[in-house]
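**Student:** Please find one structure pasted underneath; my questions will follow.
The values are calculated or read from the model by the stated rules, or taken from the named source; none is laboratory data. The shown structure was predicted, so the numbers you read here are calculated from the model rather than taken from an experiment. We place every Cβ from the backbone using ideal geometry, glycine too, and count neighbours over all the protein chains shown. Surface accessibility is based on the protein's heavy atoms, side chains included, excluding ligands, DNA and RNA. Shrake-Rupley method; radii C 1.70, N 1.55, O 1.52, S 1.80 Å.
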Amino acid sequence: MKNTLTLILISINIVFSFAQTKPNIILILADDLGYADVGYHGGDEIPTPNIDYLATNGVQFSTGYAMAPVCGPSRAGMLTGRYQNRFGFEDNPGGPFRQTEETRQGIPLTEVTLGEQLKKNGYRTAWIGKDHQGKFDEFHPTNRGFDEFFGFVNGASTYFSNKNKKQSLQRGTTPVNDEPEYLTDAFGREAVKFIKENKDNPFFLYLPFNAVHGPLEAKKEDLKHFKNIENVKRRTLAAMHLAMDRNIGNIIETLNDLNLDENTLIIFYSDNGGKPKGNYSYNHPLKGGKGTVLDGGIRVPFLMHWNGTIEGGQKKDFPIAAIDIYPTIMAAINSKEKLENDLDGINLLPFLTNEEAVPEDRYIYWRFLYQWAIRNNEWKLLKLKGQDELELYHISEDISETKNVILEFPEIASKLKKEYESWSGNMMQPQWSWQGKFGGPINSRKKNQIINNKK
Ligand code: CA
């Protein structure tokens, strides 16, 4: 009897200490969110009170970067903690140009996703929202470390699933044909449900909203709040923001109700910059937008919130990147599981708990097909599509990339170029693409070969 009691007490103690020492992780992505379109960055046209709450009670990164200026590769880098260029995931999946006809467009199985790594650490994992990591079965979220999936595999979706027979919503791998709610509300609802169901065990909620990516579709009742915005597309975008922010508010409220606030690390950022010409999102004061390696394409609203661990009200200006999320989470959960691959980012927690600390002399790289960029502390060197000349910006002083100073600082440009080339030389060639040059179009390759043979 005594032994049984001891065993029970030990078991209770193990369960208790496990729950206490393993923080929950909630990783929320916005899609194509503009740098200027959050309240805490000064966006006054579209209120985002709940995102602002997280930002002002957590840490805001003014210089937070996504890994690519488009959705798929940006997420692949974040989910693996490694430059996606290491494994050829340089463009969105589905591209017609491929290295070989057999190319599998997705994160290779040799990479270990955040979901897989957190599962190894005993976490219950859910992926609620957009996928965009390839359509082959082996890349489906449920095969990449996620116990639950509610969302869609493609790069975009209608927000009114029940009105569109072609909708592609899934629960697990089963099609959902009767979703009654506006998609952003449905994702928020499922997120809250997952949190409630897992309140007693460590969980990882990956919540990539497709808001505010096109198509521009909003609920009538949300549109009513923005009668002051004349441009109907901008008005629709504002209503889509409102829906996302409302659902983030529901998550905050749920965590508070369940007393999980101090045991949950929340990370929020956007997979790439806003698209001013397509969906009327604003990136000012940044130059450019989605699809370019100018800061408007890659620098995004980026915050972390963890009551009791990360002191609120912090603003950090040093450059960080989404590859830092993986090692930061590993440190937050005190992971003892061995990593199979070297990570490219850095653990940010020491810089958030010690006011004085700053990451030293770090380099961040982007290669997106015909474009590339490198950031080193206060400097940024880049090459845009369709031009041979490089551009150097003293970006810490010139946030809008207005003055190319390459002629004034040739040594810095030369050093950064060399550094970039050294990095790029260690990356894989893009394995597929929507733009030519890389491999050739699958359907016309045979035709090209015939033409070449004739020559
Ligand atoms: Ca995106």
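**Student:** Which FRET efficiency value, to the nearest 0.05, do you get for GLU397 and ASP361 by plugging their Cβ-Cβ distance into 1/(1 + (r/R0)^6) with R0 = 25 Å?
**Tutor:** Working: r = 18 Å, r/R0 = 0.73.
E(calc), rounded to 0.05, equals 0.85.
**Student:** Can you give the calculated 222 nm mean residue ellipticity of the chain, where each DSSP H run of n ≥ 4 adds -39,500 (n - 2.57) and the sum is split over every residue, rounded to the nearest 500 deg cm²/dmol? Don't skip to the answer; put the middle values down first.
**Tutor:** Values: 13 runs with 140 residues, N = 455.
Helices in the chain give a 222 nm mean residue ellipticity of -9500 deg cm²/dmol.
**Student:** For the residue pair THR100 and LYS336, what label-to-label distance in nm results when each label sits 7 Å from Cα along the Cα-to-beta-carbon direction?
**Tutor:** 4.1 nm
**Student:** At 7 Å along Cα-to-Cβ for each site, give me the label-to-label distance between GLU197 and ALA156 in nm.
**Tutor:** 3.1 nm
**Student:** To continue, here is another question. Using a/c under 1.5 as the rounded threshold, could you call the range 90-233 rounded, prolate or oblate? The axes a ≥ b ≥ c are square roots of the C-alpha gyration tensor eigenvalues, and prolate needs a/b larger than b/c, oblate otherwise.
**Tutor:** Oblate, since a/c reaches 1.5 and b/c is not below a/b.
**Student:** What nm distance separates the two modelled labels at THR173 and SER424, each placed 7 Å from Cα along Cα→Cβ?
**Tutor:** 4.0 nm
**Student:** If the chain between THR353 and LEU258 were fully stretched, how many nm would it gain, using 0.36 nm times the residue separation less the Cα-Cα distance?
**Tutor:** Values: separation 95, 0.36 × 95 = 34.20 nm, distance 2.54 nm.
That pair, THR353 and LEU258, stretches by 31.7 nm at full extension.
**Student:** Which of LYS22/LYS316; LYS380/LYS418; LYS275/LYS385 have a Cα-Cα distance over 22 Å?
**Tutor:** Check vs 22 Å cut-off fails for LYS22/LYS316.
**Student:** What is the chain by shape, rounded, prolate or oblate, if you read a ≥ b ≥ c off the alpha carbon gyration tensor as root eigenvalues and call it rounded for a/c under 1.5, prolate for a/b larger than b/c, and oblate otherwise?
**Tutor:** rounded
**Student:** Once you have the Cα-Cα distance between THR142 and GLU411, take 0.36 nm times their residue separation minus that, and quote the gain in nm to one decimal.
**Tutor:** 91.9 nm
**Student:** State which stretch of the chain is the longest one without any exposed GluC sites (Glu not before Pro), exposure meaning a DSSP loop state and at most 12 other Cβ atoms within 10 Å.
**Tutor:** Counting only loop sites that pass the neighbour cut-off, the longest clear stretch is 103-229.
**Student:** Distance check, please: which entries in LYS227/LYS277; LYS196/LYS290; LYS290/LYS417 exceed 25 angstrom between their Cα atoms? Please report the intermediate quantities before stating the final value.
**Tutor:** On the way: LYS227/LYS277 21 Å; LYS196/LYS290 35 Å; LYS290/LYS417 23 Å.
Check vs 25 Å cut-off fails for LYS196/LYS290.
**Student:** List the trypsin sites (Lys or Arg not before Pro) within the range 313-382 that fall in a DSSP loop (any state other than H, G, I, E or B) and whose Cβ has at most 11 other Cβ atoms within 10 Å. Don't jump to the answer; show the numbers that get you there.
**Tutor:** Numbers: sites: LYS315, LYS316, LYS336, LYS338, ARG362, ARG367, ARG375, LYS380; in loops: LYS336, LYS338, ARG362.
Sites meeting the loop and neighbour criteria: LYS336, LYS338.
**Student:** Report relative contact order for the chain in percent, whole number only (criteria: Cα-Cα under 8 Å, sequence separation at least 6).
**Tutor:** Values: 986 pairs, mean separation 118.3, N = 455.
Value for the chain: 26 percent.
**Student:** Within the range 79-106, which residues have the backbone N less than 13 Å from the label spot 7 Å out from LYS385 along Cα→beta-carbon, could you tell me?
**Tutor:** Residues 91-92 qualify, since their backbone N sits under 13 Å from the label point.
**Student:** Can you give the accessible area per residue of the range 147-256, in Å², using a 1.4 Å probe?
**Tutor:** 43 Å²
**Student:** Which percent of the accessible area of the range 149-228 is formed by carbon and sulfur heavy atoms (probe 1.4 angstrom)?
**Tutor:** Of the solvent-accessible surface of the range 149-228, carbon and sulfur hold 50 percent.
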